[in-house]
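These notes are about the structure you will find just below.
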Amino acid sequence: MKFGPRTIFIPLIISIFVFIGLNCFFLISSCNGAKSSSLCDYEAMEVLVYGSSFDEASKSISARISIRDMEGDECAVIERSWKGDRLSVDFLCLKEGGINFCFPAAINAFGNGSYESKGKSGINLSKYYTENGRCLLAGKKSVFRQKELYKVYRYVFSPLSIFKYTSIQTKTVDLVGCESGKSYGIFCDSRGNLSLVEL
């Protein structure tokens, strides 16, 4: 019996789809078990733009961006300058069974109407609020809740979540309206809507 490329290729493709399907099922099951850890009705971030600087070579904008947990405490602070004159924050949001989860995903800088750093080139925020299988956005009171919320985080950020693309959205909060020296909060409500409010 001869084994041609087609004989090997078909079982390999089937195995890949089975593997992806099982992983997707596991991720969805984990997510459904963590619905009590909904990330809504809280201040997700606090923003303070210091200002912009311009010279012949480039433009830059500096800001302090604080990631908050459900209890209102700071998980992390990013304080630095970016190339460009405007900032935005991307969130990955999951809406599942009437429960919402909005995870800060990236800070992006852009200038002259176009992004200079976007997506993978921007600052990945998830590393600031996840550690050792826990999501610190759940607050410090319950390690169990941190672990449950981490399951949702893992599902939302997994490449396999493309199978649930209808329930996961990237939402962008543009910080162009933030005045220098004033503090603003990014709030997530019970419907998964994000709003920028001066504090």
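Bear in mind these aren't lab numbers, they're just calculated from the coordinates by the rules spelled out. It should be emphasised that the depicted structure is a prediction, and the values quoted were computed from it without experimental measurement. Glycine also receives a Cβ, built like all others from the backbone with ideal geometry; neighbour counts cover every protein chain displayed.
Points worth noting:
- For Lys147 and Val176, the difference between the fully extended length at 0.36 nm per residue and the C-alpha to C-alpha distance is 6.9 nm.
- Close amide H contacts of Thr130 (hydrogens built in the peptide plane, cut-off under 5 Å, sequence separation of 5 or more or a different chain): Leu136.
- Total formal charge among the other residues, if their Cβ is under 14 angstrom from that of Ser183, Lys/Arg +1 and Asp/Glu -1: -3
- Net charge, Tyr150 excluded, C-beta distance under 10 Å - Lys, Arg +1, Asp, Glu -1: +3
- 3J(HN,Hα) along region 63-77, derived from phi through the Karplus expression 6.51 cos²θ - 1.76 cosθ + 1.60 where θ = phi - 60°, amounts to 7, 10, 10, 10, 8, 10, 9, 5, 8, x, 8, 6, 8, 6, 10 Hz, with x in place of Gly and Pro.
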